[in-house]
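Heads up, the thing below is written out as structure tokens.
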Amino acid sequence: MKRQNRVAFFNILSTILLRGISIFTAPLFTRLLGTGGYGVTQIYNTWVAVIAIVFTLQTSGTLVNARVEYPEEEQRRYQSSIMCMSLLLFLLFSAVVMLFIDPISQALKLNRILICLMLVQAFGTFCVNFLNQKNVYEFKAGQNMVMSLAVTLTTLALSLLFVLSMPKEINYYGRIGAVAGTYGIIGIPICIAILWQGRTFVDLKYWKFCFILAIPSVFHNLSDLMLGQSDKVMIQQLLNEDLLGIYGAALNFGGIIFTIFVALNNSWCPFFFEDHKNGDGEKV
């Protein structure tokens, strides 16, 4: 019971740090960036989330299924193989984006620099979430806590440094650059480490298992994202970033309940799937 309590505590805390920091720092950055700059960061983060889902297929969502399907000695091979699949897909989609970057920039009303930063942050976010999910279902809550602290404190410190050192009218670049740079610097070594540990890159058995589960998950995640973010896109396209910033700041506080739900879910699911795998029907 002590082990379960410790794992649950660290999983809850690390999830709140990773997902809740934008909520807790919203008053600070709305003041520093102004409504227009804060609005740009809101729409930017929406498209980052879309890219992270579509370009990588969110294969990390299948890690728990693999723990039930495959024995322990195959877990690292499965993880490295689907990481390789996500990396190849991401590079392919990114090449298409760079080829058509001008029309994409015009359609999204975001300049080319922000489009490039989106790609960096999206892949880094995927890698961080991949390791987060891996640690959750391997009961390595302490490692998740360390990673969450590193990401949270680094993005906050760099954001303040960059925002305060840039002119007011473009200081949102400081906030966006700090977050994108942090996730990129942390995410790429995570990708390399997972590939190195498993040393299995193209395995059609694992790819087929992952693909069948990941494709429906992509549509599920996108529909969830549309419910939560489509209003921001419409406000930006039909009105302006100033009104979007006001709306986004207010909406952020509604995310507190969802953050608590995700934190509790991340604490309960690992034990549920472990009991299910072990055939312990009474606990389930």
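Summary table below
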read-out	value
³J(HN,Hα), Karplus 6.51/-1.76/1.60, whole Hz, each residue of the stretch 197-211, x for Gly, Pro	5, x, 6, 10, 10, 10, 10, 5, 5, 5, 4, 5, 4, 5, 4
Ranked packing of 66-77, 84-95, most packed first, by mean Cβ within 10 Å	84-95, 66-77
Over the stretch 69-195, volume per residue of the alpha carbon convex hull, in Å³	110 Å³
Centroid-to-centroid separation of the stretch 30-77 and the stretch 144-183 [C-alpha atoms, Å]	18 Å
Derived scalar couplings ³J(HN,Hα) [the stretch 178-190; Karplus, 6.51 cos²θ - 1.76 cosθ + 1.60; whole Hz; x for Gly, Pro]	5, 5, 4, x, 5, 5, x, 5, 7, x, 4, x, 4
For the stretch 85-92, 3J(HN,Hα) per residue [Karplus equation, 6.51 cos²θ - 1.76 cosθ + 1.60, θ = phi - 60°, Hz, x = Gly/Pro]	4, 5, 4, 5, 5, 5, 5, 5
Packing rank of 183-189, 54-60, where each peptide gets the mean count of other beta carbons within 10 Å, highest leading	54-60, 183-189
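Any read-out appearing in this document is the output of simple, stated calculations on the displayed coordinates, not a laboratory observation. All of these numbers come straight from a predicted model, not from anything done at the bench. Cβ: placed from backbone, ideal geometry, glycine included. Neighbour counts: every protein chain shown.
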